[in-house]
Amino acid sequence: MNKVVIVSAPSGAGKTTLVKYVLSAFPQMEFSVSATSRTPRPNEQHAKDYYFISMDEFKKKIANNEFVEYEEVYPGCFYGTLKAELQRIWDKGKMVLFDVDVKGGINLKKIFGKQSISIFISPPNLEVLEQRLKNRGTETPETLKTRIEKASYEMTFSSQFDYVLINDVLEKAKNEIYQIIYNWLSKN
Ligand code: ADP
Ligand code: 5GP
C-alpha cells in the first residue's frame, strides 16, 4: 500500500520547518511538490519548493483533470497536487509527504483514508503566529492580515485531523512529530 503523510497548518505555524525535519528524519519519505500560481519567494526553487506555473497553465491542468486536489488558498492564488507528482514519488518506492492547507488536508484524508495519517500543526496562539510571520519577513501588511484571519478560521478544523500538534518549543514539536509518525509506521 502506498502510504501518505498529510501535514496541514495555518500559515506561519511552523509547518515548513517541521516538514523539513520529518524529511531528514525519515529518508523513505519524499515531499510532494505542489503546483502554484503564486510567484516564487527569493529563496524558493522551481520543482523543489513548488512547480511555479502561470494561472493560465493552472486552469488548463484543472480542465484536463490533472490534479488530485487543488484549492484557491488565497484569492487569486491557486495551489494543487498533480497526479503525476504522486506517481513520480511512488515509482521511486517512496512515501508521499504532503504540506497542504487545512481544507486540502481534510480532502486528502478523505481520498487516502487508512493509507494516510493527518497531522494538524497548531501555533500556541494567534499572537505567536503573527509574530512568527512578521519575523519570517515574507508578508506585506495586507498578506499578513489575510493569513491571520484565515488562520483563526482554519484552527476550527483541527479536530478533523488524526493528530493535533502544538508547535511551541521547536525541539519538543520535532520529537512529537517524530513519535507520531514512527508509531504509525510501526503499526501499519
Ligand atoms: P509555515 O510553513 O507553517 O508557514 P514556517 O515553518 O515558515 O511556517 O514558520 C514560520 C516562522 O516561524 C519561520 O520563520 C520559522 O523559522 C519560525 N518558527 C517555526 N517554528 C517555531 C517555533 N517553535 N518557535 C519559534 N519560531 C518558529
Ligand atoms: P505558501 O504560500 O505559504 O507557500 O503556502 C500557502 C498555503 O498553501 C500553505 O498552507 C500550504 O500548505 C498550502 N498549499 C501548498 N500546496 C498545496 C496544495 O497542493 N494543495 C492545497 N490545498 N494547499 C497547498
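Beta carbons closer than 9 Å, at least 6 apart along the sequence or on distinct chains, pair a first residue in the stretch 160-188 that is in contact (Cβ under 8 Å) with a residue 60 or more places away in the chain and more than 13 Å from S118 (Cβ to Cβ) with a second that is within 16 Å of ligand 2 (Cβ to nearest atom) and assigned to a loop (DSSP other than H, G, I, E, B) for N167/A9; N167/A13; N167/G14; N167/P123; L170/G14; A173/G14; A173/N167.
Residue by residue, here is whether (1) within 11 Å of ligand 1 (Cβ to nearest atom); (2) part of a helix (DSSP H, G or I); (3) under 15 Å from the mean Cα position of the chain (by Cα) holds:
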| residue | (1), (2), (3) |
| --- | --- |
| Q87 | no, yes, no |
| D99 | yes, no, yes |
| G105 | no, yes, yes |
| L108 | no, yes, yes |
| G113 | no, yes, no |
| E127 | no, yes, no |
| L133 | yes, yes, no |
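Of all residues assigned to the stretch 64-81, none qualifies as being assigned to a helix (DSSP H, G or I) and within 12 Å of ligand 2 (Cβ to nearest atom).
A short reminder: the numbers here are calculations on the coordinates, not readings from a lab. Worth saying up front: this structure is predicted, and the values here are computed from it rather than measured. In this analysis, Cβ positions are derived from the backbone assuming ideal geometry, glycine residues included, and neighbour counts consider all displayed protein chains.
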